[in-house]
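Asker: Got a structure for you, written out below as structure tokens; questions coming shortly.
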Amino acid sequence: MAVAQTKLDLTETRISALAMPQSKGWAQTARAEALARLRAMGLPARRDEYWRYTDPSSLTQAAAPRAALHVDDEAPIFGEIDRLRIVFVDGVFDPAQSDDLALTHVTIERLSDVMAKDLHWAREHYGVLEAAGQSPVARPLAALNTAFASDGVVIRATGIVEKPISLVYLHNDSASDAMVHHVVRVESGASLTLLENGPAAARFNNVTEISLADDGDFHHIRTQGRDHERRAATHIFARLGARSQYKSFTLTGNGVLTRNEHVITLSGDDASAHVAGAALGDGAQGAFHHDDTVFITHDAERCESRQVFKKVLRNGAVGVFQGKILVKPGAQKTDGYQISQSLLLDEDSVFLAKPELEIYADDVSCSHGSTTGAIDETALFYLRARGVPRDVATDLLVLAFIDEAIAEIADERLSADIRNRLELWLGRRRQG
Amino acid sequence: MLTIKNLHVKLEDEDKQILKGVDLTVEAGRVHAIMGPNGSGKSTLSYVLSGRDGYTVTDGSATLEGEDLLAMEAEERAAAGLFLAFQYPVEIPGVGNMTFLRTALNAQRKTRGEDEISAGDFLKLVREKAKALKIDADMLKRPVNVGFSGGEKKRNEILQMAMLEPKMCILDETDSGLDVDAMKLVADGVNALRDSGRGFLVITHYQRLLDHIAPDVVHIMADGRIVKTGGPELALEVEKNGYADILAEVA
């Protein structure tokens, strides 16, 4: 299908506002190919099937809308966790604030250094997983990122990495427009935990390509920063080898626009992918629009996938969930599960869900469910009848609602930190 | 302790009068029972007293130690010392039983201007009370009432009552869904709380619970009113002859 002229114009306008970083042969080729992919599909527009619920215009326009910096006195998340910190300020790596990038069983390199090398293992991954993830659904913002990303890290785990690698995204410039691209490779038998937190920029485009070798183990916990006016489009492209395990959890509180895409392919037998997310939006604190778009492909036997997404929305906040499980021919004994639920705390908030199953194997077990509901008045009364004030009782029920998603975090210190974060978030609203 | 005068209540959503002038006084240290056929308004009375939404008081009053219950939020009534043991205890997935008990206890203390209980003291207290009711550590850890049997749910209600130490306890058909052993356990729990400073209102269909929790006063409720009041012998009369004779007599 020919791309509409308005889309092409939009795409060229965006491209003309960007400069492609200088890279070596292979990297330059990867960027050029991504640019060609982008030009072939054009940037997203509202009429695209996977953008019907989320208006992409502020993500595609040439200049990033400004986003005021958010300040509160809450202690930074993961602060008590022993981790290796890698700090980006408005999308630019800041060595002064970062730890030394040295840790046993893992190599960590800056993307620009990697791209200046004639040969590097990242060549097999940079833009490769993203390109594979462009079909059957186009993800133009990811191609844009591959072409123009200005910073990022390239991580390769070769054994059990003793402490998490923590990417901290600080936002200092209310007009910053950041494009960051990471590559993660977990080798056979290796294990890595990646943490991400912070608003990153006024507008943040983040792509992470994750490749798990057979028996690789990867955990990902992310919180997206509380700046009310920030915008983010993130893509995770993951390819899972045999018996590998992938677990991801994302917490989003605040943000005028967030689009989180997960594109995961289970390509080796007996692999497992768990993707979970919790989003809390309060329209009274500024507009809130949060979109989880997930595409999981089963392309091997006896793999398991699990999607658990929860949204708590109030005062006109909008939540979107588009989740798909695709079971390819031959992917027998697939076990796929998907649940997306929203808790609407008033009549102004909106939840839009599009669950999809597409199955081409005959011996599989796949289930999905989606619900939208209000606070359970019976449970609320029960709590109040025991002396718990209405607002505290409501928060208790909100936390209970979200807990199924948080329970996907394997590390109890990290899940405790997330729960604590949520309680603070809710507590601030109670006082406000 | 609890004084109800001429209480008239209708459903909020429809023009249906449920309580048509209830007069009742429960003194401290006494156990009153309310019996009555289905639809007589017994459970409505318990809900209205505890502050559930969906009812409109059209006339009359209800006070706890002179304080106007009907002017308070449900949580304020609880903090003031009113406790309702639910006929159908509510399951709350995702909220641990211990968290629930501690949150409730501390919320009441906070409302009354008292200090929160320490984690250590709380644990000690809950273990002691749970043991008497044969509630094991697993039941305390699980989400509130989720997957509990009928008997476990009712024992959990009595545990909450024992922890919160209310002044006025209303038991709404606490015997429903209980076998004889479970009823004995629940009754023992209630009897352990009988105290000169505490009042009880036991709502039940059947006399059998009253074999275990001996009432001082028995009321018969029908069509939104207390139609007859007497001693424990009134419950035996109901057990023997049913409600028909009594209702015919007062009609």
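The values are calculated or read from the model by the stated rules, or taken from the named source; none is laboratory data. What you see is a predicted model, and the numbers here were worked out from it, not measured in a lab. Cβ sites come from the backbone with ideal geometry, for glycine too, and all protein chains shown count toward neighbours. All accessible areas refer to the heavy atoms of the entire protein, side chains included, with ligands and DNA or RNA removed. Shrake-Rupley method; radii C 1.70, N 1.55, O 1.52, S 1.80 Å.
Asker: Could you list, in sequence order, the residues of the range B:10-40 that are in a strand (DSSP E or B) and without any contact (Cβ under 8 Å) to a residue 60 or more places away in the chain?
Answerer: Hits for the range B:10-40 are B:K10, B:L11, B:T25.
Asker: Oh, and also: Please determine whether any residue of the range B:97-106 is under 19 Å from A:L380 (Cα atoms), assigned to a loop (DSSP other than H, G, I, E, B) and at pLDDT 95 or above.
Answerer: no
Asker: Write out, first by first residue and then by second, each pair whose Cβ atoms fall under 9 Å of each other, whose residues are 6+ apart or on separate chains, and whose first residue, in the range A:229-242, is acidic (D, E) while the second is open to solvent by 10 Å² or more (accessible area, probe 1.4 Å) and assigned to a strand (DSSP E or B).
Answerer: Once the first residue is acidic (D, E) and sits in the range A:229-242, its partners that are open to solvent by 10 Å² or more (accessible area, probe 1.4 Å) and assigned to a strand (DSSP E or B) give A:E229/A:G286.
Asker: Turning to a different aspect of this structure: For the range A:204-242, enumerate the residues that are open to solvent by 10 Å² or more (accessible area, probe 1.4 Å), in contact with a Lys or Arg (Cβ under 6 Å, 6 or more places away or on another chain) and not in a loop (DSSP other than H, G, I, E, B).
Answerer: Answer for the range A:204-242, where residues must be open to solvent by 10 Å² or more (accessible area, probe 1.4 Å), in contact with a Lys or Arg (Cβ under 6 Å, 6 or more places away or on another chain) and not in a loop (DSSP other than H, G, I, E, B): A:H219, A:R231.
Asker: Only one of B:K167, B:K134, B:K124 is more than 22 Å from B:G231 (Cα to Cα) and crowded, with 17+ Cβ neighbours inside 10 Å. Can you tell me which?
Answerer: The conditions single out B:K167.
Asker: Within the range A:349-404, which residues are out of contact with any helix residue (DSSP H, G or I) (no Cβ under 9 Å at 6 or more places or on another chain), more than 28 Å from A:D292 (Cβ to Cβ) and without any contact (Cβ under 8 Å) to a residue 12 or more places away in the chain?
Answerer: A:T378
Asker: Oh, and also: Of these, A:I406, A:I339, which one is within 14 Å of chain B (Cβ to nearest Cβ), crowded, with 20+ Cβ neighbours inside 10 Å, within 26 Å of the chain's Cα centre (by Cα) and farther than 30 Å from B:K110 by Cα?
Answerer: Only one candidate passes the filter, namely A:I339.
Asker: Now for a separate question. Output the qualifying pairs, or none if there are none: Cβ atoms under 7 angstrom, residues six or more apart or on different chains, first residue in the range A:87-116 and on the phi < 0 side of the Ramachandran plot and small (G, A, S), second residue open to solvent by 70 Å² or more (accessible area, probe 1.4 Å) and at pLDDT 95 or above.
Answerer: Taking only residues 6 or more apart or on different chains, the pairs are A:S98/A:R85.
Asker: Filter the range A:90-133 down to residues that are outside any loop (DSSP other than H, G, I, E, B) and among the basic types (K, R) and give me whichever is farthest from A:K24 (Cα to Cα).
Answerer: A:R110
Asker: Give me a count of the residues in the range B:26-51 that are more than 15 Å from the chain's Cα centre (by Cα), of a type in the set (S, T, Y) and open to solvent by 10 Å² or more (accessible area, probe 1.4 Å).
Answerer: Qualifying residue count for the region: 0.
Asker: Just to be sure I understand, how many residues within the range B:198-251 are open to solvent by 40 Å² or more (accessible area, probe 1.4 Å), under 19 Å from B:L171 (Cα atoms) and in a loop (DSSP other than H, G, I, E, B)?
Answerer: Here the count works out to 3.
Asker: Could you list, ordered by first residue, the pairs with Cβ atoms under 8 Å in which the first is in the range A:156-175 and crowded, with 18+ Cβ neighbours inside 10 Å and the second is in a loop (DSSP other than H, G, I, E, B) and β-branched (V, I, T), at least 6 apart or interchain?
Answerer: Pairs that qualify, where the first residue is crowded, with 18+ Cβ neighbours inside 10 Å and the partner is in a loop (DSSP other than H, G, I, E, B) and β-branched (V, I, T), are A:V161/A:T104; A:P164/A:I81; A:S166/A:I81.
Asker: Suppose we keep only residues that are in contact with an Asp or Glu (Cβ under 9 Å, 6 or more places away or on another chain) and farther than 23 Å from A:T293 by Cα within the range A:23-51. Which one would you say is least open to solvent (accessible area, probe 1.4 Å)?
Answerer: The qualifying residue least open to solvent (accessible area, probe 1.4 Å) is A:W26.
Asker: Another question, then. Here are B:L125, B:L171, B:L140: which of them is touching a residue at least 40 places away in the same chain (Cβ under 8 Å) and part of a helix (DSSP H, G or I)?
Answerer: B:L140
Asker: Looking at (1) touching a Leu at 6+ places or on another chain (Cβ under 6 Å); (2) open to solvent by less than 40 Å² (accessible area, probe 1.4 Å); (3) modelled with pLDDT under 95, which is the one condition that is false for A:T60?
Answerer: Every listed condition holds for A:T60 apart from (3).
Asker: Please go through the range A:297-325 and pick out each residue that is of a type in the set (A, V, I, L, M, F, W, C), touching a residue at least 40 places away in the same chain (Cβ under 8 Å) and either over 22 Å from A:Q224 (Cα atoms) or not in a strand (DSSP E or B) (or both).
Answerer: Listed by number, the residues that qualify are A:A300, A:C303, A:I325.
Asker: Another question, then. I'm checking my understanding of the structure. Among residues of the range A:352-380 that are among the hydrophobic types (A, V, I, L, M, F, W, C) and not in a loop (DSSP other than H, G, I, E, B), which one is nearest to the other protein chains (Cβ to nearest Cβ)?
Answerer: Once the filter is applied, the top-ranked residue is A:A379.
Asker: If you take the residues in the range B:67-109 that are surrounded by fewer than 19 Cβ atoms within 10 Å (Cβ to Cβ) and touching a strand residue (DSSP E or B) at 6+ places or on another chain (Cβ under 8 Å), which one is nearest to the other protein chains (Cβ to nearest Cβ)?
Answerer: Looking at the filtered set, the residue picked out is B:V90.
Asker: From the residues in the range B:145-164 that are open to solvent by less than 10 Å² (accessible area, probe 1.4 Å) and of a type in the set (S, T, N, Q), which one is farthest from the other protein chains (Cβ to nearest Cβ)?
Answerer: B:N156
Asker: Assess whether B:K110 counts as being part of a helix (DSSP H, G or I), under 22 Å from A:E423 (Cα atoms) and free of Cβ contacts under 8 Å to residues at least 24 places away in the same chain.
Answerer: Answer is yes for this residue.
Asker: Within the bounds of the range A:11-29, is there any residue that is closer than 30 Å to A:E356 by Cα and either modelled with pLDDT of 95 or more or aliphatic (A, V, I, L, M) (or both)?
Answerer: The answer is yes, given that some residue of the range A:11-29 is closer than 30 Å to A:E356 by Cα and either modelled with pLDDT of 95 or more or aliphatic (A, V, I, L, M) (or both).
Asker: Oh, and also: Of all residues in the range A:273-299, which are among the small types (G, A, S) and either out of contact with any Phe, Trp or Tyr (no Cβ under 7 Å at 6 or more places or on another chain) or at pLDDT below 95 (or both)?
Answerer: A:A278, A:A279, A:G281, A:G283, A:A284, A:G286, A:A287
Asker: Here is a further query. Looking at A:L383, A:L414, A:L426, A:L399, can you tell me which residue is of a type outside the set (F, W, Y), within 14 Å of chain B (Cβ to nearest Cβ), more than 22 Å from A:A284 (Cβ to Cβ) and surrounded by 15 or more Cβ atoms within 10 Å (Cβ to Cβ)?
Answerer: Matching residue, one of A:L383, A:L414, A:L426, A:L399: A:L383.
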